[in-house]
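The values are calculated or read from the model by the stated rules, or taken from the named source; none is laboratory data. Since the model is a prediction, treat every value here as computed from it, not as a measurement. When we count neighbours, we look across all protein chains shown, and the Cβ atoms used for this are built from the backbone with ideal geometry, even at glycine. Remember, those area values only see protein heavy atoms, side chains included, never the ligands or the DNA or RNA. Shrake-Rupley method; radii C 1.70, N 1.55, O 1.52, S 1.80 Å.
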Amino acid sequence: MKVIVTENFNESCKLVAERIATIVKEKPTAKLGLATGGTCEDIYKNLIDIYKKENLDFSKVHTVNLDEYIGLDPENELSYRYYMNNHLFNHINIDKANTYVAGGIGDVDKIVEEFRSKVSENGAPDFQLLGIGVSGHIGFNEAGDKLHSLAHLEDLQKSTIKANSRYFEDESMVPRKAITMGVGEICSAKEIYLVATGESKKNAIEGLIMNPYVTTQNPSTILKLHTNAVVVIDKALADLVGYKY
Ligand code: F6R
């Protein structure tokens, strides 16, 4: 696992967007694993800028998203399908039929089955983008006694519900369950970039980059087993966890 420390969060977003753009240029049929959340918004803004400036072609790109809330339909502005359309897909020449965000409504077992087959369809993702939760979740794989390898239904932790309540009217409106890619599927990607910024991510990032241990209590630590995982943090966060660069 490699750690890159940037001057600031803007630089982190630029760097990651440039990496995604390079992958798409080198392999126009690339399969990208994508994430949502506050951290990724500016990464997508930068990617859209590159798309416009350089005529980047997404027409043959396929995407699979990490997760979706249970109970929100795709038209719901707080669903991750809506987020992806709004923050990326509506602004680039991607064919929406080539984009997959698990459904949040319907028969969960069927959705899980479909999700698992989408992750492995036509081979592993070429790239996986990740944010990180306050207790180290990746996708919605929450800290606990065990981690799921494959896509599954997950109960969201209190800390996740609290962190994500900023998008909802109040905390009680945040869905309690989500469907998420499993950690094995996440690690099947050929290359992974995890991006983090801000004080709230201090403990999670400390566990990820300041010791050699892998623990289910901080799911992101599974990335230590991946041979091509990159953690991108800014100087402010590096200083906060005492990482020397
Ligand atoms: C979102 C996802 C989550 C977020 C994480 C950080 O698709 O999988 O793991 O990346 O919760 O969210 P933000 O960036 O809002 O702090």
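Quick one: M1 ticks every box in (1) crowded, with 23+ Cβ neighbours inside 10 Å; (2) closer than 18 Å to L130 by Cα; (3) touching a helix residue (DSSP H, G or I) at 6+ places or on another chain (Cβ under 8 Å); (4) of a type outside the set (S, T, N, Q) except a single one, so which number is it?
With respect to (1) crowded, with 23+ Cβ neighbours inside 10 Å; (2) closer than 18 Å to L130 by Cα; (3) touching a helix residue (DSSP H, G or I) at 6+ places or on another chain (Cβ under 8 Å); (4) of a type outside the set (S, T, N, Q), M1 is out only on (1).
Among the residues of the stretch 33-47, is there at least one that is farther than 21 Å from I192 by Cα and of a type in the set (K, R)?
No, there is no match, as no residue in the stretch 33-47 is farther than 21 Å from I192 by Cα and of a type in the set (K, R).
Of all residues in the stretch 203-223 being among the β-branched types (V, I, T) and touching a Leu at 6+ places or on another chain (Cβ under 9 Å), which is farthest from I233 (Cα to Cα)?
T216
For the stretch 202-245, enumerate the residues that are within 22 Å of T180 (Cβ to Cβ), open to solvent by 20 Å² or more (accessible area, probe 1.4 Å) and assigned to a helix (DSSP H, G or I).
Of everything in the stretch 202-245, those that are within 22 Å of T180 (Cβ to Cβ), open to solvent by 20 Å² or more (accessible area, probe 1.4 Å) and assigned to a helix (DSSP H, G or I) turn out to be N203, I222, K224, L225.
Restricting to the stretch 57-116, name every residue that is part of a helix (DSSP H, G or I), out of contact with any strand residue (DSSP E or B) (no Cβ under 7 Å at 6 or more places or on another chain) and under 15 Å from K177 (Cβ atoms).
Across the stretch 57-116, the qualifying residue is only D109.
Taking the stretch 207-216 as the region of interest, how many residues are out of contact with any Ser or Thr (no Cβ under 7 Å at 6 or more places or on another chain) and within 16 Å of the ligand (Cβ to nearest atom)?
1
Taking the residues in the stretch 1-42 that are in contact with a His (Cβ under 9 Å, 6 or more places away or on another chain) and among the hydrophobic types (A, V, I, L, M, F, W, C) as candidates, determine which candidate is farthest from the ligand (Cβ to nearest atom).
A30
Yes or no: K31 surrounded by 13 or more Cβ atoms within 10 Å (Cβ to Cβ), touching a residue at least 24 places away in the same chain (Cβ under 8 Å), among the basic types (K, R) and farther than 30 Å from S200 by Cβ?
Yes: the conditions hold for K31.
Confirm whether K96 is more than 10 Å from the ligand (Cβ to nearest atom), closer than 21 Å to V195 by Cα and either open to solvent by 20 Å² or more (accessible area, probe 1.4 Å) or out of contact with any Asp or Glu (no Cβ under 9 Å at 6 or more places or on another chain) (or both).
So K96 fails the test.
With respect to the numbered conditions (1) open to solvent by less than 40 Å² (accessible area, probe 1.4 Å); (2) in contact (Cβ under 8 Å) with a residue 12 or more places away in the chain, which one is the sole condition not fulfilled by E199?
It fails just one condition, (1).
State the number of residues belonging to the stretch 23-45 that are in a helix (DSSP H, G or I) and closer than 20 Å to P125 by Cβ.
Final tally of qualifying residues: 8.
From the residues in the stretch 125-147 that are among the small types (G, A, S) and modelled with pLDDT of 95 or more, which one is nearest to G37 (Cα to Cα)?
Among those that are among the small types (G, A, S) and modelled with pLDDT of 95 or more, it is G131.
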